[in-house]
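Working notes, structure below.
Coordinate-derived values only; no laboratory data. Not measured: the values here are computed from a predicted model. Quick reminder, even Gly has a Cβ in these numbers, built from the backbone with ideal geometry, and neighbours come from all protein chains shown.
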Amino acid sequence: MNDEEKTRAQLIEELTVLRQGMVEGEGTEKIPPLFDYAGVFEGFPIPATLIDARGIVIDVNRAFLEMAHRYDHPICKEDRVGQHIASFAETEKERTRFRTFIDELLHTGETHIPQWICVEPSGRRSHWQIHAEGIRDAAGQVIGALILREDVTEKVRKEQRERVVSTVKDEVWRMKNSEDMEKILIAIEDSLHSAGVVFTDCGINLLDSSHDPPTQTGYTIADGKVWDWESKFPEIIVKFWRTGAPVYRQDLQKEDLYQELPYMNQITRSIVDVPFHCGTVGISSTEPNAFSPHDIEILQDMAHVLSDGFRRQKDLLSLEENNRRLEREITERKQLEEERIHTQRFRAIGELAAGVSHNLNNMLVSVLGPAQLLTRYSDDPRVLQEAETIIAGARRASDLVLRLNQAVRGAEKIERVPVLANKVIQDAIQVARPRWKDEAEAQGIAIEVATNLGDVPTIRGMGTGLHDILLNLLSNAVDAMPEGGTITIGTQPVDDDVRLTVHDTGTGMDEETKRRVFEPFFTTKETDRGTGLGLSTVWGLVQAQGGRVEIESELGKGTTFTIRVPESPASDPGDSAQAVYEPVFGMEILVIDDEPSVRDFLPSLLVGHRVDTAESGPEGVRLFERKRHDLVI
């Protein structure tokens, strides 16, 4: 087996035995008397040094001299033999450290295998694996030592690169959102330091290639903090980025190829920029020729990691935007579903209310009609007084039926006239003044009404409906502020709509109340304080107009009602001329109603006309076919 085929451990053991034999003499039984010990030592492929018990160099082999030559130390044997081995260290600190190591080795004779870091005259750091073996005489006394050294610089650097890159990659994969990029930049700075790269500043230059020319944002990493800054010379960074290779300026004071000095700190001497996916990563130093090829290789590794990080950042930003869009869509769908359920509930209530209203109206006609006839034909004061009482009660009942219909079905007919919302608001505030001002002050409550009215166009056809909406909302706001507060009414144009807001600083609502607040007859007030139709009337009127009403409220933080209604098109008619109607008598009139009291009452009301009655639709059709009436009720 030749030397190249032997393991390092085998070579070390063999050389140790041979040198032991050289020291003890050729007459020992272990070593053949004609063996060429000097030749074996000289041809040994690992750099070797032989020292005596005082640490004085006795011999160095050819591999040692070749190693020294590779590291710019051209020497011969005579330069080493006869001097203490520690005297060749580059610095006093290294000499002291090495002397301590040799003293311990010669004192104990035990095997030592430390790893040594040397700083060469060029400033390059090298790593050495030392194998030091004590040599003993026949009596067991340490009489010298054999020191072997192996250059493991590349191995150590490879391990360092793998370790620091792994650290930064781990940080990349821990990213949860775009803000975590700062942690990656800090990890890069720490990794460069741990890899032995000596620099003054570390910076990241991000380029947005969607612009032409690309725009730049710079980040400087220092002391664990990331600072952003505006670029002063983006065209230079773009040039570096487009090369796709490291750009090393070894000494700006000697050669400023890219005219950077006017933009740089004057003490900066050397800079290297390495391109990555969307920019460059660079380090600088106040020393010339500060960076070795190994340093640049580590920076290239960092650039690859940065590329992964920024690609991941882009993916995360896209994911965040998609999540926001999805959340908006889910929220919108939820709102639409709630509105659909709300509308279906109101439709069901509306059908019920329509039937109830029909029957109630019929009954009210049979009550109100005769009472009105009494006021027309009676002169008895007592009868007239009782009739007026009946009429007032019937009208209150009729008004309640009307409000119920408006609450669940909206206005049956919308006045198609342009309405000046701001003017209606001012009028409504004055009309409601006794409620929010006079009554409140009488109870020791201070309520203010403020306005924030924008320049809004006219709205389409709300008529008195907007007035009713505002009165209901003002009344609701007053009830929500038992300790007083402020009501703010505002208007603002939004797209093709007008947005009207009514905000109070009252008690607010919980989620259950917000969910049910527009339901007919739902109220949180005392029994004698409200019917539960005010806000449902608001909802019905706004829906009939084709608008939307929303509510924002939180317990203890007040409530805001927001109403959006369409603005008035230019073609909407204004106030039309009032038509003039002439009274007509002697008409043939057909009354169709299933309520007997209505059929009995209406003919007496329609004095001067000929009236026929029918209790059903088919009967009414038969009468109409025979007579062809002028009017059918």
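Gap in Å between the Cα centre of the stretch 487-514 and the Cα centre of the stretch 597-633?
Taking the Cα centre of the stretch 487-514 as reference, the centre of the stretch 597-633 is 50 Å away.
Can you pull the Kirkwood radius for the stretch 148-272, inverse mean 1/r over Cα pairs, to one decimal in Å? Can you show the working numbers first?
Numbers: mean 1/r = 0.0596 Å⁻¹.
With all distinct Cα pairs of the stretch 148-272 included, I get 16.8 Å.
Charges on Cβ only, +1 for Lys and Arg, -1 for Asp and Glu, centred on the Cα centroid of the stretch 410-566; of 502, 425, 443, which one is farthest towards the dipole's positive end?
The one lying farthest along the dipole's positive direction is 425.
So for 379, 103, fewest C-beta neighbours within 10 Å to most, what's the order?
Taking fewest neighbouring Cβ atoms as first place, the list is 379, 103.
Going by how many other Cβ atoms sit within 10 Å of their own, how do 130, 147, 487 line up, fewest first?
130, 147, 487
Going by C-beta contacts inside 10 Å, put 513, 331, 523 in order with the fewest on the left.
Numbers: 513 15, 331 10, 523 19.
Lowest to highest Cβ neighbour count: 331, 513, 523.
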